[in-house]
């Protein structure tokens, strides 16, 4: 199949994890921004949790989700800065089978137009483990909106050409997708 042919949109199952020592369901504006956007895009929220910014709490939640067959994507907001309490990258990196360095690079490039050189303070990252895409982004609602609107919305849409992440997700509702990006001549 040619990489120029459109694939149909396929709803994915997505879990949202807010990492924070202070957020609750009542004031989790970043998690809510992600939930609203993923639902508006036609995806399904399968779980949402808030945990304190602790390496082992974060790692347990993410490990449980990447083990589940009904989770295609894990979106994590918070804990990507440089303070003593920012532990998301340290927690998630050992779980990744394959890193997606382009996510963090592109996120920081896009963010530069919004927040200038402060973008270097973000350790946003992404990777794949057990056929599940894991995306870590800063804890501000604006950062979550930027990541979703300018990167994730397209990359989580099977109809986005020439490439998207849906083809790499093991349990993406068992759909058939064009893998032209992974098998270029």
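Every read-out reported here was derived from the displayed coordinates using simple, explicitly stated rules and does not represent laboratory data. Computed from a predicted structure; not experimentally measured. Here the Cβ is made from the backbone with ideal geometry for all residues, glycine too, and neighbour counts use every protein chain on show.
Taking the longest Cα principal axis of the chain as reference, the axis of helix 101-115 is set at about 60 degrees. Ordering 110, 128 by the number of other Cβ atoms within 10 Å of each residue's own Cβ, fewest first, gives 110, 128. DSSP bridge analysis restricted to the chain gives an antiparallel fraction near 30%, rounded to the nearest 5.
Just checking the listed ones, 127, 42, 31: in the Gaussian network model of the chain with Cα springs under 10 Å, the one fluctuating most is 42. Sorted on the mean count of surrounding Cβ atoms within 10 Å across their residues, most packed first, peptides 71-78, 142-149 read 71-78, 142-149.
Sorting 136, 163 by the number of Cβ atoms found within 10 Å of their own Cβ, with the fewest placed first, yields 163, 136.
Ordered by the count of other Cβ atoms within 10 Å of each Cβ, fewest first, 106, 152 give 106, 152. Mind jotting down the distance between the C-alpha centroids of the range 116-133 and the range 11-45, whole Å? Rounded to whole Å, the Cα centres lie 17 Å apart. Computed over the chain, the per-residue total of -39500 (n - 2.57) for DSSP H runs of n ≥ 4 gives a 222 nm mean residue ellipticity of -8500 deg cm²/dmol, rounded to 500.
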